[in-house]
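Nothing in this text is a laboratory measurement; each read-out follows from the coordinates by a stated rule. Please read all numbers here as calculations on a predicted model, not as lab measurements. Please note: Cβ atoms are built from the backbone with ideal geometry, for glycine as well, and neighbour counts cover all protein chains shown.
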Amino acid sequence: MTMKRILYILIAAVTIGSLLFSCEAIDDRESLPAVTLTPETLKFSITQDATNKNLVNFKSDDPTVIPFWKYVDALGNELGHSNKSTDQVVLPFAGKYTIYYTAYTRGGSVEAAPVVIDVAENDESYFRDPKWEMLTNGVDGKTWVLDFVDPVGWAGLDYPALSGDNWSWLPDYASNSWVMDNKDWGQMYFDLNGNYNTSVTQTAIANSNQTTKKGTYSFDIKNNKLVFNGGVEMLYGGDYYGDCSNWISVKVVELTATSLRLAVIRDQSRKGEGVCLIVFHYKVKS
């Protein structure tokens with residue numbers, strides 16, 4: 001087993017950029033070398049951009065370790081994390097943020113002392129892309145619920161690309177009511193009121209009991225990725241939860257002012273079906 005594979009298993013549960021795998025770690029800690037690094041000898045840097053203080057650069061200068069970064073706001077809300085050696089994040093809201101850096105080695109992990117940075121003002125230009133307004137309605141917020149015209153469908157992993165594994169089947173509910181019970185499955189809320197605020201109210205599969213979780217999110221418009229933080233998971237309907245290992249990092253398949261389609265990867269089908277996207281369709285709550 002290679003060093004990278006061992007370390008990947010250690011951090012896979014918290015790495016948002018990774019693909020979805022199902023694997024078991026082999027407990028071979030006794031054969032691993034001792035950790036010689038200390039918090040004081042870790043080689044890394046966290047710097048704000050010279051011309052735009054809302055841009056923060058992460059850099060790990062030790063090629064023998066696998067880095068892990070986590071950043072939180074002043075209230076302790078986790079905003080995101082990364083395992084790239086070099087990365088840049090945007091913190092568009094004014095405030096204090098804490099950056100955590102952990103170096104993973106063959107023998108274990110070493111955590112650096114947290115680094116606190118101060119962002120003096122909001123970066124209004126960051127939200128100029130109209131998709132922010134479509135998703136959140138800005139500071140006022142927007143609530144989404146399942147659209148029972150066609151609440152769920154299935155697609156290839158590359159959908160909606162023009163090539164590759166891009167097939168899709170998005171059936172209408174009237175002719176395919178077997179896909180899920182027609183009931184109140186809950187709601188999903190986003191806003192930009194001083195932070196990336198989100199909450200999801202999820203209805204249980206077997207009854208009408210509801211659970212609400214609040215946290216933050218990140219929206220990568222370029223790569224069509226939406227990530228929930230703080231224990232929040234994407235709203236779903238039907239008995240599909242056990243077929244997917246990840247309901248946190250999801251694909252944005254469609255986004256307009258009135259329609260949202262988010263997809264999770266069916267990577268552990270309980271019926272032995274192949275890997276594909278399960279696509280849920282939402283409309284704005286009236």
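Observations on the model:
- Over the Cα atoms of the range 112-175, the radius of gyration divided by the Kirkwood radius equals 1.20; this is the Rg/Rh ratio.
- Under a model in which nothing but the beta-carbon of Lys, Arg (+1) and Asp, Glu (-1) is charged, the chain shows a dipole of about 100 debye around its Cα centre.
- Here the extension length gained between Ile205 and Asn137 equals 21.5 nm, from 0.36 nm per residue of separation less the Cα-Cα distance.
- Integer Hz, Karplus 6.51/-1.76/1.60 couplings in order for the range 108-117, x for Gly and Pro: x, 10, 10, 9, 7, 5, x, 10, 9, 10
- Rounded to the nearest Hz, the phi-derived 3J(HN,Hα) couplings of the range 75-89 under the Karplus curve 6.51 cos²θ - 1.76 cosθ + 1.60 (θ = phi - 60°) are 8, x, 6, 6, 9, x, 7, 8, 10, 7, 5, 10, 8, 9, 10, where x marks glycine and proline.
- Per-peptide average of other Cβ atoms within 10 Å, ordering 59-70, 156-167 highest first: 59-70, 156-167
- The equivalent ellipsoid that matches the C-alpha gyration tensor of the range 85-144 spans semi-axes of 33, 16, 11 angstrom, in descending order.
- Residues in the range 163-179 carry Karplus couplings, in order, of 9, x, 7, 10, 5, 7, 9, 10, x, 6, 6, 4, 9, 9, 5, 5, 5 Hz; the curve used is 6.51 cos²θ - 1.76 cosθ + 1.60 with θ = phi - 60°, and Gly or Pro positions show x.
- For the range 77-227, the normalised intensity computed at q = 0.08, 0.10, 0.12, 0.14 Å⁻¹ comes to -0.36, -0.56, -0.77, -0.98 (log10 of I(q)/I(0), Debye sum over alpha carbons, equal scatterers, no solvent).
- Take the Cβ atoms of Gln88 and Glu273, set R0 to 30 Å, and the FRET efficiency comes out at 0.20.
- Lys283-Ser109 pseudo-label distance in nm [points 7 Å out on the Cα-to-Cβ vector]: 4.4
- The sum of -39500 (n - 2.57) across all DSSP H runs of n ≥ 4, divided by the residue count of the chain, sets its helix-only mean residue ellipticity at 222 nm to -1500 deg cm²/dmol.
- Ranked by the mean number of other Cβ atoms within 10 Å of their residues, highest first, the peptides 249-256, 270-277 fall in the order 249-256, 270-277.
- Its Kirkwood hydrodynamic radius, worked out from the mean inverse distance over all distinct Cα pairs, puts the range 176-286 at 14.8 Å.
- Applying 1/(1 + (r/R0)^6) with R0 = 35 Å to the Cβ-Cβ distance of Asn166 and Thr36 gives a FRET efficiency near 0.10.
- Debye intensity ratio I(q)/I(0), log10, the chain, q values 0.09, 0.10, 0.14, 0.16 Å⁻¹ (C-alpha model): -0.50, -0.62, -1.12, -1.32
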